[in-house]
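For reference, the structure is listed below as structure tokens.
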Amino acid sequence: MHPRNVFRVPLNFSDLSEAYPALQPYIIQLPSKGPTINFQDIAAQRRLTEALLHKQFKLSVSLPENRLCPPVPNRLNYVLWIEDILAASSFVSEDSRPVRGIDIGTGASAIYPLLGCRTNATWMFVATDIDELSLKYAKMNIENNNLSDRITLVKSDPSGPILPISSKDDIVYDFIMCNPPFYSDREEVLRSAEAKEFEPNAVCTGADVEMITPGGESAFVCRMVNESIEHGVKCRWYTSMLGKMSSLNDVVKALRDKKTRRWAIAWSFTDVHLPDSIARITNPSLQGIMPPRNSLTHACRKVIPPERLRSILWGIIKPIDGVTVNEGSSHRMESESSTSNLVIQATADTWSRAARRKKLISSHPVVPMDVDKVDALAIQLICRVEIPDNPGIHHRGRDESHVVFHWMKGRNRLLFESFASHVGRKIDTAIVAIDEEEPMSIA
Ligand SMILES: C[S@@+](CC[C@H](N)C(=O)[O-])C[C@H]1O[C@@H](n2cnc3c(N)ncnc32)[C@H](O)[C@@H]1O
């Protein structure tokens, strides 16, 4: 569960039924658990979803009997993950324009746009579906929560494009989210129910139109991948949920075949990179399809107080030609402990030995001026340098401090790696020099 998910703690059914009395008749007492509901009872599940949306988000939602009942904690997780992705890449759009999202297959509840808008004041959505009944309820739910000016419903054609993006306008979307139909046919639904691969409510109450699509979720999301290639940077982040691990392999393969730069379940055609805490997961069976690391850790071989480390870093980075360094206001990831950040912008490699040699030669008066001067001024690298506030961790048999370099923007991975390794080497040299001057000063 996402660290910011309010449902990480066990639900208090007494409080919930008090806040939402329609839940009251479904409350049962279990000797081991106290008040709860019967999770196999579809009606009880519906009331629980309504109660959670009502109590936690002041959302009033009607759910038809013959459509999926979305579990709120799990849906909230996806919204929080999207927030993380946007926050981690927010340095490229820090203006106050609305954040534009698209929800593919919004369902009768329109749960993602409702949660997204309720928890983020600047978010707006285009929400699509192909199912008349779901669209009717979604419209009602959006209107009942006074969100019609922020959520636009679009009826999609099942045989037409999935992504409602037009090449004729200049609207850029920040993200696409999607909880696709999972299965390829009825038999797969039944097989999956037997294997209990999905939650019982997802299997029991969903209509075929919600759960079945030709080729299943993997074909659906691969269609999204193909369409996304047409649209490129018209959307910053394309994302989708996937229910089966095997689908993840199919989608990553489709992305790799198209030479997409980053992948997971979120993909992008921009030059923005996410920290490893979002972009990579530790599951051993998925390591073969993980994207390359965007976060590189430099171990300092000993403990250095964070403030001291910070001033060492300033001293190293500030004098580098063509590099600007600022206090980072940039997003700190949930997984990071308290940290401070420096945000580095570089127009070119000016630090490597080769670059310094080149500069020496080009400063000779007979060498003509750089004809690519304009390009040379463009930012080629943005890197966040994270200095954890904890003085050090025990690692490889000793206590040591760490600096983490996060690649945030740029097309040239080698430039990022060379910057991180240059600064890392300088840190080591600075520590040796300080040790020699004042051996007792760094403990
Ligand atoms: C698994 S449900 C997800 C519903 C809701 N978003 C949720 O998470 O509870 C999949 C939804 O996708 C819709 N759908 C199926 N094919 C679609 C398509 N080609 N374009 C848009 N929506 C589609 C279905 O009608 C259904 O509402």
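The values are calculated or read from the model by the stated rules, or taken from the named source; none is laboratory data. What you are looking at is a predicted structure, and each value in this text was computed from that prediction instead of being measured. Neighbour counts run over all protein chains shown; Cβ positions are idealised from the backbone, glycine included. These area figures cover heavy atoms from the full protein model, side chains too; ligands, DNA and RNA do not enter into them. Shrake-Rupley method; radii C 1.70, N 1.55, O 1.52, S 1.80 Å.
Here are some notes:
- Within the range 88-100, being modelled with pLDDT under 90 and surrounded by fewer than 21 Cβ atoms within 10 Å (Cβ to Cβ) holds for Ser90, Phe91, Val92, Ser93, Glu94, Asp95, Ser96, Arg97.
- Positions within the range 206-244 being near the ligand (Cβ under 9 Å from one of its atoms) and more than 19 Å from Asn77 (Cβ to Cβ), in sequence order: Gly206, Ala207, Val209, Glu210, Met211, Ile212, Thr213, Phe220, Arg223
- Residue ID - farthest from the ligand (Cβ to nearest atom), chosen from residues in the range 106-135 that are of a type in the set (A, V, I, L, M, F, W, C), over 23 Å from Val172 (Cα atoms) and not in a helix (DSSP H, G or I): Ala108
- Where a residue in the range 68-89 is under 14 Å from Thr106 (Cβ atoms) and within 15 Å of the ligand (Cβ to nearest atom) and its partner, wherever it lies, is assigned to a loop (DSSP other than H, G, I, E, B) and at pLDDT below 90, with Cβ under 7 Å and at least six apart: Leu68/Thr205; Leu68/Gly206; Tyr78/Met241
- Near pairs, Cβ below 6 angstrom, 6+ apart or cross-chain, from the range 182-194 (under 22 Å from Leu248 (Cβ atoms)) to any residue that is within 14 Å of the ligand (Cβ to nearest atom) and hydroxyl-bearing (Ser, Thr, Tyr): Val189/Tyr183
- Lone unmet requirement of (1) in contact with a helix residue (DSSP H, G or I) (Cβ under 6 Å, 6 or more places away or on another chain); (2) aliphatic (A, V, I, L, M); (3) within 10 Å of the ligand (Cβ to nearest atom) for Ala138: (1)
- Scanning the range 407-434 for residues that are assigned to a helix (DSSP H, G or I), hydrophobic (A, V, I, L, M, F, W, C), within 27 Å of Glu307 (Cβ to Cβ) and open to solvent by less than 20 Å² (accessible area, probe 1.4 Å) yields Phe416, Phe419, Ala420, Val423, Ile427, Ile431.
- Number of positions in the range 216-246 that are buried (at least 22 other Cβ atoms within 10 Å of the Cβ), over 14 Å from Ile102 (Cα atoms) and out of contact with any helix residue (DSSP H, G or I) (no Cβ under 7 Å at 6 or more places or on another chain): 1
- Of all residue pairs spaced 6 or more apart or on separate chains, those with beta-carbon atoms under 7 Å, a first member in the range 126-144 that is open to solvent by less than 60 Å² (accessible area, probe 1.4 Å) and a second member that is small (Gly, Ala, Ser) and in a helix (DSSP H, G or I) are Ala127/Ala138; Asp129/Ala138.
- Set Asp149, Asp169, Asp103, Asp174: member being away from the ligand (no atom under 16 Å from the Cβ), open to solvent by less than 10 Å² (accessible area, probe 1.4 Å) and outside any helix (DSSP H, G or I): Asp174
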